[in-house]
Amino acid sequence: MTSVRIWGPGVGAVVVLVATGAWARGSSAVDAGLWASVRPAIEERLVAQAQGDGPGESEPALEARWFCAAQALDLREEGDRVRAGVDTLCMEYGVRDGALQECGGAHYPQVMRLAREGEGYRVVAQEEPPDGAGYAEWEKDHFSVLATSRLDGRVSSAGLESAARVHFGLGAEGAVGDC
(Lines give C-alpha, C1' and ligand atoms only; values in the text may rest on other atoms or scores of the structure.)
Protein backbone atom coordinates (compact mmCIF):
# COMPACT_ATOMS: atom_id res chain seq x y z
CA MET A 1 0.00 0.00 0.00
CA THR A 2 2.87 2.37 0.76
CA SER A 3 4.32 2.01 -2.74
CA VAL A 4 1.01 3.10 -4.29
CA ARG A 5 1.00 6.23 -2.12
CA ILE A 6 4.55 7.03 -3.17
CA TRP A 7 4.45 6.04 -6.85
CA GLY A 8 0.89 7.17 -7.63
CA PRO A 9 1.53 10.93 -7.41
CA GLY A 10 4.88 10.50 -9.18
CA VAL A 11 3.32 8.71 -12.13
CA GLY A 12 0.54 11.29 -12.25
CA ALA A 13 3.09 14.12 -12.32
CA VAL A 14 5.00 12.45 -15.16
CA VAL A 15 1.78 12.07 -17.20
CA VAL A 16 0.96 15.76 -16.69
CA LEU A 17 4.49 16.82 -17.71
CA VAL A 18 4.46 14.65 -20.85
CA ALA A 19 1.02 15.93 -21.86
CA THR A 20 2.06 19.55 -21.27
CA GLY A 21 5.23 19.07 -23.30
CA ALA A 22 3.32 17.50 -26.19
CA TRP A 23 0.79 20.35 -26.14
CA ALA A 24 3.50 23.03 -26.09
CA ARG A 25 5.44 21.36 -28.87
CA GLY A 26 2.38 20.87 -31.03
CA SER A 27 1.10 24.40 -30.55
CA SER A 28 4.42 25.91 -31.60
CA ALA A 29 4.54 24.10 -34.92
CA VAL A 30 4.14 26.22 -38.04
CA ASP A 31 2.62 24.79 -41.21
CA ALA A 32 5.72 24.53 -43.42
CA GLY A 33 3.72 24.50 -46.66
CA LEU A 34 1.77 27.61 -45.75
CA TRP A 35 4.95 29.36 -44.60
CA ALA A 36 6.65 28.51 -47.91
CA SER A 37 3.69 30.11 -49.71
CA VAL A 38 3.53 33.36 -47.73
CA ARG A 39 7.22 33.93 -46.96
CA PRO A 40 8.20 35.37 -50.38
CA ALA A 41 5.48 38.05 -50.16
CA ILE A 42 6.49 38.93 -46.60
CA GLU A 43 10.19 39.23 -47.39
CA GLU A 44 9.51 41.22 -50.59
CA ARG A 45 7.41 43.65 -48.54
CA LEU A 46 10.17 43.99 -45.95
CA VAL A 47 12.80 44.80 -48.59
CA ALA A 48 10.49 47.30 -50.30
CA GLN A 49 9.95 49.12 -47.00
CA ALA A 50 13.48 48.88 -45.59
CA GLN A 51 15.10 52.23 -45.16
CA GLY A 52 17.34 54.07 -42.80
CA ASP A 53 19.61 57.03 -42.47
CA GLY A 54 22.88 55.11 -42.36
CA PRO A 55 25.90 55.58 -44.59
CA GLY A 56 24.52 53.16 -47.17
CA GLU A 57 21.79 55.60 -48.11
CA SER A 58 23.68 58.84 -47.59
CA GLU A 59 26.93 58.03 -49.42
CA PRO A 60 26.39 58.06 -53.18
CA ALA A 61 29.81 56.46 -53.75
CA LEU A 62 28.76 53.39 -51.74
CA GLU A 63 26.65 50.86 -53.60
CA ALA A 64 24.24 49.56 -50.96
CA ARG A 65 21.11 47.43 -50.78
CA TRP A 66 18.75 46.07 -48.11
CA PHE A 67 18.29 42.31 -47.53
CA CYS A 68 15.51 40.97 -45.30
CA ALA A 69 14.48 37.68 -43.72
CA ALA A 70 11.50 36.62 -41.65
CA GLN A 71 11.02 33.74 -39.23
CA ALA A 72 7.47 32.51 -38.63
CA LEU A 73 6.31 32.69 -35.02
CA ASP A 74 2.70 31.80 -35.73
CA LEU A 75 0.53 31.36 -38.81
CA ARG A 76 -3.20 31.20 -38.94
CA GLU A 77 -5.46 30.84 -41.96
CA GLU A 78 -8.61 32.95 -41.71
CA GLY A 79 -10.72 32.05 -44.75
CA ASP A 80 -8.84 33.25 -47.83
CA ARG A 81 -6.44 35.30 -45.70
CA VAL A 82 -3.45 34.45 -43.55
CA ARG A 83 -2.34 36.10 -40.32
CA ALA A 84 1.42 35.77 -39.98
CA GLY A 85 3.22 36.68 -36.78
CA VAL A 86 6.87 37.00 -37.77
CA ASP A 87 10.26 37.92 -36.35
CA THR A 88 11.99 40.08 -38.96
CA LEU A 89 15.57 41.08 -39.65
CA CYS A 90 16.63 43.55 -42.32
CA MET A 91 20.28 44.39 -42.94
CA GLU A 92 21.76 46.97 -45.26
CA TYR A 93 24.97 45.88 -46.96
CA GLY A 94 27.21 47.81 -49.29
CA VAL A 95 30.54 47.45 -51.04
CA ARG A 96 33.57 49.65 -50.52
CA ASP A 97 36.93 48.91 -52.13
CA GLY A 98 35.74 45.41 -53.07
CA ALA A 99 34.79 44.47 -49.50
CA LEU A 100 31.37 43.89 -47.99
CA GLN A 101 30.23 46.53 -45.50
CA GLU A 102 27.39 46.31 -42.99
CA CYS A 103 25.64 49.67 -43.04
CA GLY A 104 22.60 49.26 -40.84
CA GLY A 105 19.84 46.97 -39.72
CA ALA A 106 16.57 46.50 -37.91
CA HIS A 107 15.19 43.53 -35.97
CA TYR A 108 11.66 43.41 -34.56
CA PRO A 109 8.45 41.36 -34.65
CA GLN A 110 5.56 42.16 -36.95
CA VAL A 111 2.10 40.89 -37.76
CA MET A 112 1.25 40.69 -41.44
CA ARG A 113 -2.05 39.82 -43.01
CA LEU A 114 -1.95 38.35 -46.46
CA ALA A 115 -4.56 37.63 -49.13
CA ARG A 116 -4.33 34.99 -51.82
CA GLU A 117 -3.41 36.45 -55.19
CA GLY A 118 -3.16 34.06 -58.11
CA GLU A 119 -0.70 31.33 -57.17
CA GLY A 120 0.77 33.30 -54.26
CA TYR A 121 -0.06 35.87 -51.63
CA ARG A 122 0.24 39.61 -51.16
CA VAL A 123 0.52 41.59 -47.93
CA VAL A 124 -2.65 43.61 -47.31
CA ALA A 125 -1.94 44.84 -43.77
CA GLN A 126 1.07 45.14 -41.52
CA GLU A 127 1.48 45.95 -37.84
CA GLU A 128 4.73 46.79 -36.06
CA PRO A 129 5.49 47.50 -32.43
CA PRO A 130 5.77 51.11 -31.34
CA ASP A 131 9.13 52.52 -30.35
CA GLY A 132 9.76 52.89 -26.66
CA ALA A 133 7.35 52.32 -23.82
CA GLY A 134 4.59 50.38 -25.61
CA TYR A 135 6.84 47.74 -27.20
CA ALA A 136 6.42 44.97 -24.58
CA GLU A 137 2.69 45.53 -24.30
CA TRP A 138 2.33 45.37 -28.10
CA GLU A 139 4.13 41.99 -28.17
CA LYS A 140 1.88 40.69 -25.40
CA ASP A 141 -1.25 41.84 -27.25
CA HIS A 142 -0.21 40.44 -30.66
CA PHE A 143 1.53 37.15 -29.89
CA SER A 144 0.84 34.09 -27.78
CA VAL A 145 3.11 33.32 -24.85
CA LEU A 146 4.77 30.57 -26.90
CA ALA A 147 5.33 32.84 -29.91
CA THR A 148 6.72 35.58 -27.66
CA SER A 149 9.14 33.09 -26.11
CA ARG A 150 10.57 32.50 -29.60
CA LEU A 151 11.35 36.21 -30.04
CA ASP A 152 14.93 35.56 -29.07
CA GLY A 153 16.77 36.97 -32.05
CA ARG A 154 17.18 33.66 -33.81
CA VAL A 155 16.75 35.21 -37.24
CA SER A 156 20.30 34.81 -38.47
CA SER A 157 22.07 37.42 -40.55
CA ALA A 158 24.29 34.72 -42.13
CA GLY A 159 21.83 34.11 -44.97
CA LEU A 160 21.49 37.83 -45.57
CA GLU A 161 25.25 38.26 -45.67
CA SER A 162 25.53 35.38 -48.16
CA ALA A 163 22.81 36.89 -50.33
CA ALA A 164 24.62 40.24 -50.26
CA ARG A 165 27.91 38.62 -51.29
CA VAL A 166 26.19 36.92 -54.22
CA HIS A 167 24.34 40.11 -55.20
CA PHE A 168 27.53 42.17 -55.20
CA GLY A 169 29.63 39.41 -56.85
CA LEU A 170 31.92 38.96 -53.83
CA GLY A 171 33.58 35.77 -52.64
CA ALA A 172 32.38 33.80 -49.65
CA GLU A 173 35.38 34.76 -47.54
CA GLY A 174 36.42 38.04 -46.10
CA ALA A 175 35.57 40.10 -43.10
CA VAL A 176 32.54 42.32 -43.09
CA GLY A 177 33.40 45.92 -42.33
CA ASP A 178 31.23 48.75 -41.07
CA CYS A 179 30.11 51.58 -43.33
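The values are calculated or read from the model by the stated rules, or taken from the named source; none is laboratory data. The model shown is predicted, which means the values in this text are computed figures rather than measured ones. A quick note on method: Cβ atoms are made from the backbone with ideal geometry, for glycine too, and the neighbour counts reach across all protein chains shown. What goes into the accessible areas is simple: the full protein's heavy atoms, side chains included, and nothing from ligands, DNA or RNA. Shrake-Rupley method; radii C 1.70, N 1.55, O 1.52, S 1.80 Å.
Summary table
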{"read-out": "From Val14, Val4, Val18, Val38, residue being out of contact with any helix residue (DSSP H, G or I) (no Cβ under 8 Å at 6 or more places or on another chain), in a helix (DSSP H, G or I) and modelled with pLDDT of 90 or more", "value": "Val38"}
{"read-out": "Residue that is among the aliphatic types (A, V, I, L, M), farther than 15 Å from Arg45 by Cβ and open to solvent by 80 Å² or more (accessible area, probe 1.4 Å), where the choices are Ala158, Ala172, Ala147, Ala163", "value": "Ala172"}
